[in-house]
Amino acid sequence: MEHEKIERINELARKKKTVGLTQAEVAEQAALRREYIDAFRTHVESVLQNTVIQHPDGSKTPLQKKRPN
């Protein structure tokens, strides 16, 4: 995510605390936050896909998604 968009998220958060936001700014803030969360989630998933567990015998196994009970 671009630095300018993160700055805009912070700017809108500060404005919300002081004077409030217009409806257009609320919608913009929600869209920017969704984009930020999606980018963060994608990054974390890529890190986890490249993570392996090394066992004491030297073997390595990749992480697997937890199965629901």
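One table, with the values for the structure above:
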| quantity | calculated |
| --- | --- |
| Where a residue in the stretch 53-69 is of a type outside the set (F, W, Y) and its partner, wherever it lies, is in a loop (DSSP other than H, G, I, E, B) and exposed (fewer than 10 other Cβ atoms within 10 Å of the Cβ), with Cβ under 8 Å and at least six apart | T61/H55; P62/T51; L63/T51 |
| Subset of the stretch 38-69 (residues that are more than 30 Å from K5 (Cα to Cα) and outside any loop (DSSP other than H, G, I, E, B)) | V52, I53, Q54, K60, T61, P62 |
| Tally, over the stretch 11-30, of residues that are small (G, A, S) and surrounded by fewer than 10 Cβ atoms within 10 Å (Cβ to Cβ) | 2 |
| Lone qualifier among K5, K15 - being touching a helix residue (DSSP H, G or I) at 6+ places or on another chain (Cβ under 8 Å), free of Cβ contacts under 8 Å to residues at least 24 places away in the same chain and in a helix (DSSP H, G or I) | K15 |
| Leading residue by the ranking (nearest to A13 (Cα to Cα)) among those in the stretch 49-69 that are of a type in the set (A, V, I, L, M, F, W, C) and at pLDDT 90 or above | V52 |
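The values are calculated or read from the model by the stated rules, or taken from the named source; none is laboratory data. Quantities reported herein were computed from a predicted structural model and do not represent experimental measurements. Neighbour counts are summed over all protein chains in view; Cβ atoms, including those assigned to glycine, are modelled from backbone coordinates with ideal geometry.
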